[in-house]
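Inspection log for the structure reproduced underneath, given as structure tokens.
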Amino acid sequence: MKIPFLIFSILIPAAFPTSADGKQIVLETGQLRVEFEISDEKTLSLKEMGMKDGSWVSPLGGELFPTEPHRDGNGPRYQGPIEWRLPNGDRAAELLYESHEIQEESPAVRHLVVQLRERVYPLEVELHLRAYKDVDVFEQWLVVKNGLSEAIYVPRLDSMYFQAEAERSIFLEWYESDQKNTAGYPVREKLGMGMRRLESRDGNRHKHGPIPAFVLGFGDQPGESEGGCMIAALDWMGSSRFSFETNSEQILETSVGVNQPGQPLVESGGQLSSPVCVFTLSGKGKGPASRGLHDWAREHFLKNGKRIRLVDNNSWEGCRMKVSEDAILKMMEDSAGLGIELYVLDDGWFGNGKEARVNARAGLGDWQFNTKRFPDELDAIMKRAAELDIEFGIWFEPEMINEKSKLFAEHPEWVMRYPDRPLAEQRDQMVLDVANPAVQEFMFESVDRVLTKYPGIRFVKWDANSNINNVYSPYLGKERQGDLLNAYMGGYLNVMRELTERHPDVDFQACAAGGGRADLGAMRYSHTFWPSDDTDPLYRLGAQWNFSNFLPANTITAHVTHKGEGYGTKFRFDVSMMSQLGMEVDTRKSEPEYLEASEVGIAAYKRIRNIVQLGDQFRHAHPHDSETPSLNYVSKDETRALVLAYQTGELEEPLAFSSPVSGLDPAQSYQLTEINLPEADGSPRVVSGIASTKSGAEWMAEGIPLRFTNQFDSAAVLLEAVGSNPGGSRKQ
């Protein structure tokens with residue numbers, strides 16, 4: 001496999017030039033409209049962004065590339081989206097409009113490219129804005145081109161920049177990614193005077209820090225169905241920086257980009273691209289915006305975005321590294337009996353001798369099967385999997401290395417490390433220098449070798465349990481350390497692209513000690529992500545909810561485990577039904593009642609997973625705001641719906657609760673069926689005696705009447721179209 005050094009070039013299809021009237025540029029989706037304005041001085045500004053029909057207009061606007069030197073007297077000094085340093089020390093940037101064109105990439109996709117030039121020096125900047133008409137989503141990024149005879153440094157090249165009038169309140173909502181209960185709670189704040197900056201600094205992930213996405217609310221804190229808002233997410237999985245600064249003139253300046261640890265170098269004649277920022281807007285709350293992003297991801301972004309994700313069982317939570325051929329065969333057989341479709345062998349299968357992976361201190365980098373634990377590698381396991389009609393998956397951590405490994409002894413130069421400092425380890429491991437093409441080749445071959453030998457493998461869990469702690473690439477050398485993050489991400493994405501193209505039937509999961517890769521950057525060549533190492537269902541209820549603002553349900557892995565106390569198995573399954581349901585249990589140690597309830601829950605999920613994974617999601621009260629959070633999903637043809645409702649507060653007596661329903665066809669009749677009622681917990685939550693068939697309008701007006709009897713109670717209700725309502729009602 002030949003892997004290029006960087007992937008940040010822009011490939012532009014054939015285009016036809018478009019001229020507005022010399023003053024305005026307009027780009028539209030089905031419902032949204034963006035209008036730019038070119039001044040007489042050739043500066044480019046955002047004039048308007050909002051609903052195409054004029055029903056709602058955002059407060060976004062203003063100059064897109066504020067100039068330095070500043071030529072507006074005592075006015076505010078804006079930072080803009082670009083910082084560069086020229087060979088003579090000049091840092092100024094005066095970008096003037098040159099031309100633009102709108103390219104038709106497909107009937108649903110338009111791509112605007114605006115060319116700007118620096119007033120004094122032969123430097124060019126391209127503003128790219130791609131509009132997806134069918135889903136009301138935009139992608140934006142910038143490209144810098146160096147026409148000088150010498151290299152320039154570009155310490156900051158942000159993906160998206162805008163100003164906004166802040167005389168009315170502007171609210172920010174964002175989410176952490178750590179499993180210590182931070183990803184489960186939304187951080188909501190009203191932006192005041194001064195700077196608010198969100199940064200992650202982990203390098204190759206965002207384990208400690210915000211996920212690279214946010215919600216802005218204009219005027220009021222946006223709800224699910226009310227309030228104007230923007231939702232934005234960065235197509236980037238490493239360190240990011242989002243800044244929000246309100247000045248004395250009540251103008252908010254927002255910039256979204258990479259948190260570079262150094263200054264990237266752009267050679268003479270070269271170019272540098274920012275990552276893509278994906279965003280959408282809504283005048284009616286977060287719900288419509290999220291559903292647009294979900295459709296965009298499934299239709300336009302994810303590989304196999306509409307391929308159904310299987311119900312899996314992963315070995316990690318149940319038995320950690322105590323894996324062997326016999327153990328996996330037994331757990332795989334038990335899992336198949338429960339209706340599980342995919343068994344995943346996690347950590348502990350590789351390394352030999354003193355470097356055997358029997359604990360976290362050894363083996364990473366030695367991707368050969370442990371001959372004591374797996375004497376025939378996967379031969380017997382794959383044969384038995386075929387007999388059981390169950391798929392098989394396996395765990396890798398190709399970016400990482402233990403010092404106690406054969407790979408480290410053979411290639412110490414492949415490890416990221418400062419030239420004269422001792423290695424800093426995290427979890428007894430270090431990060432490989434993924435900027436190095438030889439390392440990329442090794443990563444690819446390590447995974448490809450196993451997938452090629454065992455073409456029946458359906459799933460790869462790709463983990464990344466360490467930050468970049470030794471922030472120095474021996475391959476890049478002392479002059480190019482500013483390119484470290486771009487080169488690392490480029491190498492990673494090249495490997496993933498090659499693997500997904502070579503093995504198109506394999507689903508890849510992005511994991512990083514929990515939710516450190518819960519982002520679009522990792523999902524570009526992955527199919528699911530692991531939201532958190534904390535699988536406590538109450539915590540997961542909030543975490544899965546928060547991540548659903550940006551990513552569709554079929555990307556969010558939601559495992560049922562034994563973690564946490566006080567939860568019934570039904571509650572655990574009802575929480576995991578929100579997304580891509582799976583399990584993480586040692587079936588050999590599980591109680592019969594737990595396994596019986598699991599069999600019922602798995603069967604129930606299979607019945608409705610098409611609705612969850614491919615349908616429209618309607619969230620109601622957030623778990624952080626209500627003790628009775630609920631949400632529902634509706635199939636695209638509006639013939640089926642799933643309602644999930646939870647009771648998380650302490651109860652002294654039974655609680656009557658009407659769970660909201662949204663998105664149904666008002667004129668269609670729907671019949672109600674309660675699902676996931678295991679024998680040991682089989683009391684219906686739907687109130688007895690109600691009409692089981694009503695019109696969509698009635699269900700949406702009245703909700704689903706439920707009766708909860710204890711803390712951590714829950715209900716899963718299926719609504720299915722039965723034709724026009726004849727006027728009579730069958731009783732449940």
Legend entry - Qualifying residues in the stretch 531-544 (those that are out of contact with any Ser or Thr (no Cβ under 6 Å at 6 or more places or on another chain) and buried (at least 24 other Cβ atoms within 10 Å of the Cβ)) - the one nearest to ARG619 (Cα to Cα): LEU541
Legend entry - Residues of the stretch 393-432 satisfying the condition of being under 31 Å from the mean Cα position of the chain (by Cα) and small (Gly, Ala, Ser): GLY393, ALA424
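For residues in the stretch 456-473 being farther than 21 Å from PHE529 by Cβ and out of contact with any helix residue (DSSP H, G or I) (no Cβ under 9 Å at 6 or more places or on another chain), which is surrounded by the most Cβ atoms within 10 Å (Cβ to Cβ)? Talk me through it step by step, then tell me what you get.
Pass one, the stretch 456-473, residues farther than 21 Å from PHE529 by Cβ: 456, 469-473.
Filter again for out of contact with any helix residue (DSSP H, G or I) (no Cβ under 9 Å at 6 or more places or on another chain), leaving 469-470.
Values: ASN469: 16, ASN470: 22.
Step by step, filter the stretch 456-473, then rank; the result is ASN470.
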Inset, instruction - Restrict the check to the stretch 437-453 and report whether at least one residue is under 24 Å from LEU499 (Cα atoms), assigned to a loop (DSSP other than H, G, I, E, B) and of a type outside the set (Gly, Ala, Ser). - result: no
Legend entry - Which listed residue is of a type in the set (D, E, K, R) and part of a strand (DSSP E or B), from GLU245, GLU224: GLU245
Inset, instruction - Name, by its number, the condition in (1) within 29 Å of the chain's Cα centre (by Cα); (2) farther than 30 Å from GLY566 by Cβ; (3) not in a loop (DSSP other than H, G, I, E, B) that does not hold for VAL717. - result: (2)
Legend entry - Every residue from the stretch 603-624 that is under 16 Å from THR555 (Cβ atoms) and either of a type in the set (Asp, Glu) or assigned to a loop (DSSP other than H, G, I, E, B) (or both): GLY615, ASP616
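Identify, please: which residue in the stretch 143-181 is among the acidic types (Asp, Glu), assigned to a loop (DSSP other than H, G, I, E, B) and closer than 25 Å to PHE36 by Cα and is, among those, nearest to the chain's Cα centre (by Cα)? So that I can check it myself, show each step before the final result.
Filtering the stretch 143-181 down to residues among the acidic types (Asp, Glu) leaves 150, 158, 165, 167, 173, 176, 178.
Checking the rest, the ones that are also assigned to a loop (DSSP other than H, G, I, E, B) come to 150, 158, 167, 178.
From what is left, the residues that are closer than 25 Å to PHE36 by Cα are 158, 167.
Working: ASP158: 20, GLU167: 32 Å.
Filtering first and then ranking leaves ASP158.
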Legend entry - the stretch 251-273 residues that are assigned by TED's automatic domain parsing to the domain that holds LEU127 and closer than 23 Å to GLU150 by Cβ, paired with ones that are among the polar types (S, T, N, Q) and at pLDDT below 95 (beta carbon under 8 Å, 6 or more apart): GLN271/SER9; SER273/SER9
Legend entry - Residue selected from the stretch 302-349 under the condition surrounded by fewer than 20 Cβ atoms within 10 Å (Cβ to Cβ) and among the polar types (S, T, N, Q), by the criterion farthest from GLN368 (Cα to Cα): ASN304
Inset, instruction - Search the stretch 295-313 for residues that are closer than 22 Å to LEU595 by Cα and pair each with any residue that is aromatic (Phe, Trp, Tyr) and modelled with pLDDT of 95 or more when their beta-carbon atoms are under 9 Å apart and the residues are at least 6 apart or on different chains. - result: LEU310/PHE459; VAL311/TYR605; ASP312/TYR343; ASP312/PHE459; ASN313/TYR343
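Please enumerate the residues belonging to the stretch 428-452 that are among the acidic types (Asp, Glu), over 17 Å from GLY203 (Cβ atoms) and touching a Leu at 6+ places or on another chain (Cβ under 9 Å). If you could, list the steps in order and put the result at the bottom.
Of the stretch 428-452, the ones among the acidic types (Asp, Glu) are 428, 433, 441, 445, 448.
Keeping just the survivors that are over 17 Å from GLY203 (Cβ atoms) gives 428, 441, 445, 448.
ASP428, ASP448, listed by residue number.
The values are calculated or read from the model by the stated rules, or taken from the named source; none is laboratory data. As the structure is a prediction and not an experimental result, all values here were calculated from the model. All Cβ positions, even for glycine, are placed from backbone atoms using ideal geometry, and neighbour counts span all protein chains on display.
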